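Shown next, in structure tokens, is the structure this report addresses.
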């Protein structure tokens, strides 16, 4: 649930700890997928496990933020939601929220997440090490990195 601060700006309990975008942080409240489809002015939506990201595909042009909730580190459905949205052309902020662990952030980034709001703050040095550990990837990614085979063979 979002609240307004003394300046009238929306704030969120899911404070973003890491963000890999140059634009302004989206601070409008996210609504559920079901609520989003019934509203014409909503710009942000929160995907819960069990929601189908494909339901949002007709609305990508008016979305500026999609939060994907990870209620448990063992629930990987959010990775699929991220790939579905990125492969369909979503260019807005894709934020992983909830139980986001340091050993997951690099793979989440590869799936297309560009902002992270973990339930418990992560050690910044550990996250930095995770991102820099393997500079090359073998599969196509959602973060724009070229697979190593393409770098080698054009």
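The values are calculated or read from the model by the stated rules, or taken from the named source; none is laboratory data. Note that the coordinates shown come from a computational prediction; the quantities given were computed from them, not determined experimentally. Don't worry about glycine lacking a Cβ; one is built from the backbone with ideal geometry, like all the others, and counts go over all protein chains shown.
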task: Might you check whether a residue that is modelled with pLDDT of 90 or more, surrounded by fewer than 18 Cβ atoms within 10 Å (Cβ to Cβ) and farther than 26 Å from residue 124 by Cα occurs anywhere in the range 88-104?
output: yes
- request: For residue 33, state whether it is touching a helix residue (DSSP H, G or I) at 6+ places or on another chain (Cβ under 7 Å) and surrounded by 12 or more Cβ atoms within 10 Å (Cβ to Cβ).
  value: yes
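Taking into account only those residues within the range 102-120 that are assigned to a loop (DSSP other than H, G, I, E, B) and touching a strand residue (DSSP E or B) at 6+ places or on another chain (Cβ under 6 Å), which is nearest to residue 137 (Cα to Cα)?
Here is the first cut: in the range 102-120, the residues assigned to a loop (DSSP other than H, G, I, E, B) are 102-104, 112-114, 119-120.
Okay, now just the ones that are also touching a strand residue (DSSP E or B) at 6+ places or on another chain (Cβ under 6 Å), so 112-114, 119.
Numbers: 112: 14, 113: 16, 114: 17, 119: 28 Å.
Across the range 102-120, the extreme among qualifying residues is 112.
Say whether the condition of being surrounded by fewer than 12 Cβ atoms within 10 Å (Cβ to Cβ), assigned to a loop (DSSP other than H, G, I, E, B), on the phi > 0 side of the Ramachandran plot and at pLDDT 90 or above is met by at least one residue in the range 19-29.
Filtering the range 19-29 for residues surrounded by fewer than 12 Cβ atoms within 10 Å (Cβ to Cβ) gives 22-24.
So of that shortlist, the ones also assigned to a loop (DSSP other than H, G, I, E, B) come out as 22-24.
When the remaining residues are screened for being on the phi > 0 side of the Ramachandran plot, the result is none.
Within the range 19-29, not a single residue is surrounded by fewer than 12 Cβ atoms within 10 Å (Cβ to Cβ), assigned to a loop (DSSP other than H, G, I, E, B), on the phi > 0 side of the Ramachandran plot and at pLDDT 90 or above.
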- prompt: Restricting the range 65-79 to residues that are surrounded by 14 or more Cβ atoms within 10 Å (Cβ to Cβ) and either within 10 Å of residue 53 (Cβ to Cβ) or touching a strand residue (DSSP E or B) at 6+ places or on another chain (Cβ under 6 Å) (or both), which is modelled with the lowest pLDDT?
  reply: 77
field: Verdict on residue 89 being out of contact with any strand residue (DSSP E or B) (no Cβ under 8 Å at 6 or more places or on another chain), in contact (Cβ under 8 Å) with a residue 24 or more places away in the chain and part of a loop (DSSP other than H, G, I, E, B)
entry: yes
Members of the range 105-129 found to be surrounded by fewer than 21 Cβ atoms within 10 Å (Cβ to Cβ), touching a helix residue (DSSP H, G or I) at 6+ places or on another chain (Cβ under 8 Å) and touching a residue at least 60 places away in the same chain (Cβ under 8 Å), listed by number: 122, 127
task: List every residue pair whose Cβ atoms lie under 6 Å apart, where the two residues are 6 or more positions apart in sequence or sit on different chains, the first residue falls within the range 54-82 and is in contact (Cβ under 8 Å) with a residue 40 or more places away in the chain, and the second residue, located anywhere, is in a helix (DSSP H, G or I) and crowded, with 17+ Cβ neighbours inside 10 Å.
output: 68/78; 68/81; 82/111
statement: Over the range 37-55, the set of residues closer than 18 Å to residue 97 by Cα and either touching a helix residue (DSSP H, G or I) at 6+ places or on another chain (Cβ under 7 Å) or crowded, with 19+ Cβ neighbours inside 10 Å (or both) is 43, 44, 45, 46, 47, 49, 51, 53
